[in-house]
Amino acid sequence: MSLFSAVAMAPRDPILGLNEQYAADPNPQKVNLGVGVYFDDNGKLPLLQCVQAAEKALMDTPTARGYLPIDGIAAYDNAVKALVFGADAEPVTSGRVATVQAIGGTGGLKIGADFLHKLNPNAKVLISDPSWENHRAIFQNAGFEVDTYAYYDAAKRGVNFDGMLQSLRSAAPGTIAVLHACCHNPTGYDITPAQWDQVIEVVKANNLVAFLDMAYQGFGHGIAEDGAVIGKFVAAGLNIFVSTSFSKSFSLYGERVGALSVVANDKEEAARVLSQLKIVIRTNYSNPPTHGGAVVAKVLTTPALRQQWEEELGAMRVRIKAMRQKLVDGLQAAGVQQDMSFMTQQIGMFSYSGLTKEQMLRLRSEFGVYGTDTGRICVAALNSQNVGYVCQAIAKVLQ
Ligand code: PLP
């Protein structure tokens, strides 16, 4: 008899399971389109120039590694506020935003979820149908009941916006709506600015709590354009939660750099909120790590590095868009009869390809092309060398 006799084997993470399968595949032409990571045109994970320059500058004046404050590096938190809300935006200048450094975007979501659960343990959480798999798990583990709001319309290849509004309209006051600020994962379909206005109206009228997950700022239409949705919520006078991730936009996946920002009504309220966020952090992991936050703060607050970052992120965005076009053209050239141009209307790293589970399994077993069972492929992992092969493979399974 062991203490662990009754411990059940948890299911494998579907994406990490795919990675293992990919690694074990002997096919020399294999392509991994499963994981949500940006690779450059040589298939390499980029180390951004701005990051290298910031690291070099930090190394030039080495600092001892004391504990950070519970809420992280002050310069980092301020830089996040400026990026997410605008440095001169009223909520920032009036001090009514509480921002804490977090362990990636996941950490930002988790801190927010734990804090919200203390505020209102009986609230329901709504995530999009479908959503990033971890949304459900994070909010469930924080103690919430999690349900979905309508989002993807497979037949229409787009957002079921009426359904989305309907779901939000019928949610009880206090319900937490987890919204993808931009570059919806997994579908690649975002709602329009005018549709955001309608969502905000419902959030306000129905007293919902908007939790905006911003994991891909800069991958859609641009840094400011993608962030504009936050300004809309602020203008509506709402108390919102925003999780930020720099994993993709700085290619700093392993450094775990993210944040949570909460917009309160005034400075005094923000101070109380911040004090509670700090309790959540203190009782989970005490305080965040130093390196990633220091690098991102350095880049965001040094004009030349900031400029470099914007250019490098812009190049990533442009390359993904070019790959979408190559995919559509390549599929047509490979003889695919159906109109695949919807892939160029999608935005961000992913494409919901519309392929069935059986077709995705065939792609994997016959061609070594790995996407998720749901038909999601990571366009950011395509490059000039592999896109032709991927098009041929997709064309064959679509025949
Ligand atoms: N939110 C969404 C929608 C994501 O796709 C991801 C990462 O894939 C995250 C949050 C988490 O980001 P991080 O790796 O910074 O924890």
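No value in this document is a laboratory result; all are computed from the given coordinates. Note that the structure is a prediction, hence the values are computed from the model and not measured. Ideal geometry is used to build each Cβ from the backbone, glycine not excepted, and the neighbour counts take in all protein chains shown.
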Here the relative contact order (percent) of segment 105-160, from C-alpha pairs under 8 Å and at least 6 apart, is 34 percent
Dividing the mean separation of Cα pairs under 8 Å (6+ apart) by the residue count of the chain yields a relative contact order in percent of 26 percent
Phi angles of segment 323-333, converted by Karplus (6.51 cos²θ - 1.76 cosθ + 1.60, θ = phi - 60°) into ³J(HN,Hα) in whole Hz with x for Gly and Pro, give 5, 4, 5, 4, 4, 5, 5, x, 5, 5, 5
Note on segment 324-399: alpha-carbon gyration tensor, axes a ≥ b ≥ c; rule is a/c under 1.5 for rounded, else prolate if a/b larger than b/c, else oblate; result rounded
FRET efficiency (D153, E358; Cβ distance; R0 25 Å; to 0.05) is 0.70
For the pair Q166 and S341, the simple spin-label estimate (label points 7 Å beyond Cα toward Cβ) gives in nm 3.0 nm
Rounded to the nearest 10 degrees, the helix 223-235 long axis (Cα) sits at an angle to the longest Cα principal axis of the chain of 50 degrees
With R₀ set to 35 angstrom, the calculated FRET efficiency between the beta-carbons of L47 and L3, to the nearest 0.05, is 0.20
Extension length gain for A333 and E225 (0.36 nm per residue less Cα distance), in nm, is 35.5 nm
Ordered by fewest other Cβ atoms within 10 Å, a rough proxy for footprinting exposure, S261, S286 read S286, S261
For segment 309-321, Karplus-derived ³J(HN,Hα) couplings (6.51, -1.76, 1.60; θ = phi - 60°; whole Hz; x for glycine and proline) come out as 4, 4, 5, 5, 5, x, 5, 5, 4, 5, 5, 4, 5
Helix 49-60: inclination vs the chain longest Cα principal axis, degrees, rounded to 10, gives 40 degrees
Everything considered on the Cα gyration tensor (a ≥ b ≥ c; rounded for a/c under 1.5, else prolate if a/b is larger than b/c, else oblate), segment 189-286 must be described as oblate
Whole-Hz Karplus couplings 3J(HN,Hα) for segment 280-292, θ = phi - 60° and coefficients 6.51, -1.76, 1.60, Gly and Pro as x, run 4, 5, 4, 8, 9, 9, 6, 6, x, x, 8, 5, x
P(r) of the chain over all Cα-Cα pairs, 20 Å bins starting at 0, rounded to whole percent, reads 27, 57, 16, 0
Cα-Cα longer than 32 Å, checked against K204/K278; K204/K298; K110/K232, kept in input order, equals K204/K298
In terms of the alpha carbon gyration tensor, root eigenvalues a ≥ b ≥ c, rounded if a/c is under 1.5 and otherwise prolate when a/b exceeds b/c or oblate, segment 1-121 is oblate
Residues other than S384 with Cβ under 11 Å of its Cβ, Lys/Arg counted +1 and Asp/Glu -1, net out at 0
Nearest 10, in degrees from 0 to 90: the angle of helix 104-119 to the longest Cα principal axis of the chain is 50 degrees
Taking placed amide H atoms and a strict 5 Å upper bound, the residues 5 or more places from F39 or on another chain that come that close are A381
Amide H proximity to F350 below 5 Å, modelled H, separation 5+ or other chain, gives V379
Sorted by chain and number, the residues with a modelled amide H under 5 Å from that of A102, at a separation of 5 or more or across chains, are G258, A259, L260
